[in-house]
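Everything on this sheet refers to the single structure shown next.
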Amino acid sequence: MAIAVYFHPKGMTLKQFEETHRRLDQAGVSKPNGRIHHSCFGTDGDLMVYDVWESPETFDAFGKTLMPILAEVGIDAGEPAVMPIHRLSQTSSG
C-alpha cells in the first residue's frame with residue numbers, strides 16, 4: 001500500500017535541504033527505489049517535505065541512509081506523519 005510521508009522539521013533552511021540532497025547523491029540514493037513523489041515547500045527557515053512511497057518498507061529502507069545524513073546536516077526531522085494513500089492520481093505537464 002502506498003503511503004504519504006510529511007516532515008516539518010524545525011527551522012529547516014534551503015541550504016540544509018540542498019546539502020542533504022548533495023549527500024544523498026554522493027551516497028547514490030538521490031532517486032531511491034520506491035519513492036513516487038518528492039517535494040519541498042515553504043519559506044526558507046521553515047521548509048517542509050512531502051513524499052509518496054510505494055510502501056512503508058521502501059520508505060524505511062531509505063530512512064536508514066537519510067536519517068544519519070539529516071543529523072550530520074543539523075536537521076531535526078522529528079517524527080514524520082505517515083498516512084496510507086487511498087487514491088493516487090498523477091498528471092503530466094508535458
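Could you count how many residues in the stretch 68-94 are without any contact (Cβ under 8 Å) to a residue 12 or more places away in the chain and in a strand (DSSP E or B)?
Number satisfying all stated conditions: 0.
Could you go through the stretch 28-39 and let me know if any residue there is over 16 Å from P68 (Cα atoms), open to solvent by 80 Å² or more (accessible area, probe 1.4 Å) and assigned to a helix (DSSP H, G or I).
no
Considering (1) part of a loop (DSSP other than H, G, I, E, B); (2) exposed (fewer than 11 other Cβ atoms within 10 Å of the Cβ), say which one M12 fails and leave the rest.
So the condition that M12 fails would be (2).
May I ask you to list the residues in the stretch 68-94 that are aliphatic (A, V, I, L, M) and within 17 Å of T20 (Cα to Cα)?
Once the filter is applied, which keeps residues that are aliphatic (A, V, I, L, M) and within 17 Å of T20 (Cα to Cα), the stretch 68-94 yields I69, L70, A71, V73, I75, A77.
Since L88 meets every condition but one in (1) surrounded by 15 or more Cβ atoms within 10 Å (Cβ to Cβ); (2) at pLDDT below 95; (3) among the hydrophobic types (A, V, I, L, M, F, W, C), which condition does it not meet?
Result: L88 passes all but (1).
Can you tell me how many residues in the stretch 57-66 are exposed (fewer than 14 other Cβ atoms within 10 Å of the Cβ) and within 14 Å of V82 (Cβ to Cβ)?
Final tally of qualifying residues: 2.
Sort out which residues of the stretch 67-85 are under 12 Å from the mean Cα position of the chain (by Cα) and open to solvent by 70 Å² or more (accessible area, probe 1.4 Å), and write them in order of number.
Those that are under 12 Å from the mean Cα position of the chain (by Cα) and open to solvent by 70 Å² or more (accessible area, probe 1.4 Å): M67, V82.
The values are calculated or read from the model by the stated rules, or taken from the named source; none is laboratory data. The structure presented is a predicted model; accordingly, all values stated were derived computationally and were not measured. Here the Cβ is made from the backbone with ideal geometry for all residues, glycine too, and neighbour counts use every protein chain on show. With ligands, DNA and RNA removed, areas are computed over all heavy atoms of the protein, side chains included. Shrake-Rupley method; radii C 1.70, N 1.55, O 1.52, S 1.80 Å.
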